[in-house]
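Asks: Structure in structure tokens, see below.
No lab work stands behind these numbers, since they all come straight from the coordinates. In this text, all values refer to a predicted model and were calculated from it rather than measured experimentally. Please note: Cβ atoms are built from the backbone with ideal geometry, for glycine as well, and neighbour counts cover all protein chains shown.
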Amino acid sequence: MTQQLFKFIAAISVFVILLSSNTSFAANKDSDQYVTFETDLGTLIIELYPEKAPVTVANFLAYVDNGFYNGTIFHRVIPGFVVQGGGFTFDFNRKETLPPIVNESDNGLKNQYLTLSMARTSAINSATSQFFINLQHNLSLDATEGKLGYAVFAKVIEGEAVIEKIVAEPRGAFRAYRDAPNAAVRILKASRGKVKKAASSGSKLKEMIAQ
């Protein structure tokens, strides 16, 4: 299947997903352009790039709108590289996702500091719900002439200190997930727009043990 045909099919699939998500799509630049993650360690505000990555942004918003990201963790933290999340619950159960989307890494956006990109397997068009936040300009993840990379679709514009806290969390307690923080760092709530609300400051470890 050619890349162009896959893009067409993926765009149709995302459109169907959005129509079936019971979400109001009234024109609202704030809700279409920004997403807020309220996490265990503070709030992240993310700016989206729908003009550059329309399929990827639509897919991401579909997960936001249906509450998929609520309760998921940042399960892969590699200082100086990436913070990855959007796929597992605190007990490392993988959530069921929507179909994979087309790779839009050829959109001209680079994997620069604090940008969000779609995580995927070695298969080019395999991204679903998982994303990562770049901790530097990861040149090796950028698309090059004749080779697709990892699709940038957004950037953290508020909450850099929260990212630093996530990176500073102790890791290594879980044999199968050595890069996961020992006390899960969850996305408590994902919502459209800029939500100015502090996340709960309760003990993460106590909450994890209680569940």
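Asks: Answer rounded, prolate or oblate for region 34-196, using the Cα gyration tensor with square roots of eigenvalues a ≥ b ≥ c: rounded when a/c is under 1.5, else prolate when a/b is larger than b/c, else oblate.
Replies: rounded
Asks: So which aspartates and glutamates can Lys147 reach, going by Cα to Cα under 14 Å and dropping same-chain residues fewer than 8 places off?
Replies: Lys147 reaches Glu104, Asp106.
Asks: Counting other Cβ atoms within 10 Å, keep those with at most 15, restrict to DSSP loop, and tell me which chymotrypsin sites (Phe, Trp or Tyr not before Pro) in region 25-97 are left.
Replies: Sites meeting the loop and neighbour criteria: Phe25, Phe92.
Asks: Going through region 80-176, which trypsin sites (Lys or Arg not before Pro) have at most 12 other Cβ atoms within 10 Å and a DSSP loop state?
Replies: Passing both the DSSP loop test and the Cβ count: Arg175.
Asks: Now for a separate question. Leaving out same-chain residues fewer than 8 places away, which aspartates and glutamates sit with a Cα under 13 Å from that of Lys189?
Replies: Leaving aside aspartates and glutamates fewer than 8 places away in the same chain, those within reach of Lys189 are Glu38, Asp40, Asp65.
Asks: Still on this structure, please answer the following. Mind running the shape call on region 67-106? Use the C-alpha gyration tensor, a ≥ b ≥ c as the square roots of the eigenvalues: rounded below 1.5 for a/c, prolate if a/b tops b/c, oblate otherwise.
Replies: Oblate, because a/c is 1.5 or more while a/b does not exceed b/c.
Asks: Could I ask something else about it? Debye sum, Cα scatterers, region 60-126, no solvent: what log₁₀ I/I(0) at q = 0.18, 0.19 1/Å?
Replies: Summing over Cα pairs of region 60-126 leads to -0.84, -0.94.
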